[in-house]
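To start, the structure under review is shown below, and the notes come after it.
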Amino acid sequence: MTPLSSSSSQSYVKDPRNDGVEIYVNGEFFSRDEAKVSIFDAGFVLGDGVWEGLRLINGKLLAIDEHIDRIFEGARSIQLDIGFDKAGLVDEIWKCLRHNKMEDGVHIRMMISRGRKSTPNQDPRFIVGGATIVIVAEWKQPNPELKAKGLKLMTSTIRCSTPDVFDLRLNSHSRLNFIQALIQAINMGADEALMLDDRGFVASCNSTNFFIIRGDELWTSDGMTCFNGITRKKAIKVWKEAGLTVREAPFTLAEVYSADEAFCTGTLGGITPVATIDGRPIGTGKPGPKTARMNDLYQAYIQG
């Protein structure tokens, strides 16, 4: 099996079982080629919706309560009626997993839009019917080659937005600014973009959250302009529980360049080491022992 998009932080190992996976669309199941939503769907027309990425490990949905809380918080913030309560939405996820006979090693993308509109415009009052819910469950394992060599990051000129412009705690379908940042990075030969906040401090990457290690201290942003990452929270938690120091505060690129190690966090990849930033090696330029320790702590958490 070979990894797809092997230089991406979101790369994964191809699994032929996914060819037969059926996609959940509003309670029904369709083959990959037949799963469709209307061209008048608010998610297609404007990116008007919220989404969640989840993992199924050893028969358990990892941090499911936190994921469900997050998608309901996002839906409430844009006044989107999901049409289920929290327990009911979890039941729909399990319905999809049982339908596809899945028990382990699965990544799930759940997408909820405001629903079909009578005409393609911005006004939410033109919605016809209820929300559109799509659940895509696939067997996915992170790319081991990427974890072995580490990511190459490039600092983008595209900034992370502040809450008064667009609150990144909202897991919205709208991702154009992050796609722009990623395109910049790809064009410069990097794997992912490192993004700054409006003040010039380090915020996050275009699809993951970002950490550095200096000594035994774990540093991450103050959280004002980064993703509301559940894996980010778990990384902070397990490091503290190991009796080590976590610093959640603004820091600069100069402090990043002189860090001992760096890594990114995300639902699929978990802990992914960073090797270089802007062409500069971080530490030795290879995944380091403290990132490996973080990965061990995180793996113990998800297996437990």
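The values are calculated or read from the model by the stated rules, or taken from the named source; none is laboratory data. This is a predicted model, so every value here is computed, not measured. Because the Cβ atoms are built from the backbone with ideal geometry, glycine has one as well, and the counts that use them run over all protein chains shown. Surface accessibility is based on the protein's heavy atoms, side chains included, excluding ligands, DNA and RNA. Shrake-Rupley method; radii C 1.70, N 1.55, O 1.52, S 1.80 Å.
What the table below lists for this structure:
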read-out	value
Helices (runs of 4 or more DSSP H) fully within region 185-304 counting 2 or more residues that are modelled with pLDDT of 95 or more and touching a Leu at 6+ places or on another chain (Cβ under 6 Å)	230-241
Unique residue being touching a residue at least 40 places away in the same chain (Cβ under 8 Å), crowded, with 22+ Cβ neighbours inside 10 Å and in contact with a helix residue (DSSP H, G or I) (Cβ under 7 Å, 6 or more places away or on another chain) when the list is Thr208, Thr272, Thr225	Thr272
Filtered residues of region 228-256 (kept if open to solvent by 50 Å² or more (accessible area, probe 1.4 Å), under 17 Å from Leu196 (Cα atoms) and among the small types (Gly, Ala, Ser))	Ala254
Those residues of region 55-73 which are surrounded by 16 or more Cβ atoms within 10 Å (Cβ to Cβ) and either farther than 26 Å from Asp167 by Cβ or at pLDDT below 95 (or both), in sequence order	Leu56
Sole residue being touching a helix residue (DSSP H, G or I) at 6+ places or on another chain (Cβ under 8 Å), among the charged types (D, E, K, R) and surrounded by fewer than 19 Cβ atoms within 10 Å (Cβ to Cβ), chosen from Glu52, Glu28, Glu34, Glu22	Glu22
Every pair of residues 6+ apart whose Cβ atoms lie under 7 Å, when the first sits in region 125-147 and is free of Cβ contacts under 8 Å to residues at least 12 places away in the same chain while the second is part of a strand (DSSP E or B) and open to solvent by 50 Å² or more (accessible area, probe 1.4 Å)	none
Condition broken by Asp104, with the remaining ones in (1) of a type in the set (Asp, Glu); (2) open to solvent by 30 Å² or more (accessible area, probe 1.4 Å); (3) touching an Asp or Glu at 6+ places or on another chain (Cβ under 8 Å) satisfied	(3)
Residue ID - least open to solvent (accessible area, probe 1.4 Å), chosen from residues in region 164-205 that are closer than 16 Å to Gly229 by Cα and of a type in the set (Lys, Arg)	Arg175
Helices (runs of 4 or more DSSP H) contained entirely in region 48-155, each with at least 2 residues that are within 16 Å of Thr267 (Cβ to Cβ) and charged (D, E, K, R)	64-77
Unique match (being among the charged types (D, E, K, R) and open to solvent by less than 20 Å² (accessible area, probe 1.4 Å)) among Lys147, Lys117	Lys117
Test: Thr284 is out of contact with any Phe, Trp or Tyr (no Cβ under 6 Å at 6 or more places or on another chain) and either farther than 21 Å from Ser11 by Cβ or open to solvent by less than 50 Å² (accessible area, probe 1.4 Å) (or both)	yes
Pair list, Cβ under 9 Å, 6 or more apart: region 7-35 residue in a loop (DSSP other than H, G, I, E, B), other residue open to solvent by 100 Å² or more (accessible area, probe 1.4 Å)	Ser11/Glu145; Lys14/Met1; Asp15/Met1; Val21/Arg32; Arg32/Asp19
